[in-house]
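K.L.:
Pasting a structure here, questions to come.
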Amino acid sequence: KTTKLILLDSLLQENRMVNIPKARNTYCAKCNAHKKMKVTQYKKSAESKQAQGRRRYDRKQQGFGGQSKPILRRKAKTTKKLVLRVECSVCKWKNQVPIKRTKHFELGGEKKRKGQMIQF
């Protein structure tokens, strides 16, 4: 019975907004100490036409014979894992930190405070 309660709780937490501050104090491997880091969200860059996989795919597609490789039609996942890009403010060293899956993500949003009056 306890495992079911934990699973339900984790499902309820998934709908909540993930709010991460724009700066965090984290370990820098280059400075070998904890430094102030600037946090941004990782974005995938455009695919290169010279990449080995792209060249192999284009070569296989050439000529007669139609579509040679399967095209993914149904997506299994509804969310993607979030990747944070942290940059050291001192030496500009960059690192990527993966975090859990989430549908709603916010960078540097307002913190929720308990017991505060709602002002209009």
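The values are calculated or read from the model by the stated rules, or taken from the named source; none is laboratory data. Bear in mind that the values here come from a model prediction, so they are computed numbers and not experimental data. With ideal geometry, Cβ positions are generated from the backbone for all residues, glycine too; neighbour counts draw on all protein chains shown. Heavy atoms of the whole protein, side chains included, go into the accessibility calculation; ligands, DNA and RNA do not. Shrake-Rupley method; radii C 1.70, N 1.55, O 1.52, S 1.80 Å.
K.L.:
Could you list, in sequence order, the residues of region 64-89 that are open to solvent by 70 Å² or more (accessible area, probe 1.4 Å) and modelled with pLDDT of 95 or more?
P.N.:
If the condition is that a residue be open to solvent by 70 Å² or more (accessible area, probe 1.4 Å) and modelled with pLDDT of 95 or more, then ARG85 is the only one that fits.
K.L.:
Tally up the residues in region 55-90 that are of a type in the set (Val, Ile, Thr) and assigned to a loop (DSSP other than H, G, I, E, B), please.
P.N.:
4
K.L.:
Only one of (1) more than 25 Å from the chain's Cα centre (by Cα); (2) modelled with pLDDT under 95; (3) not acidic (Asp, Glu) fails for ARG59. Which number is that?
P.N.:
(2)
K.L.:
Of all residues in region 91-118, how many are out of contact with any Lys or Arg (no Cβ under 9 Å at 6 or more places or on another chain) and part of a strand (DSSP E or B)?
P.N.:
2
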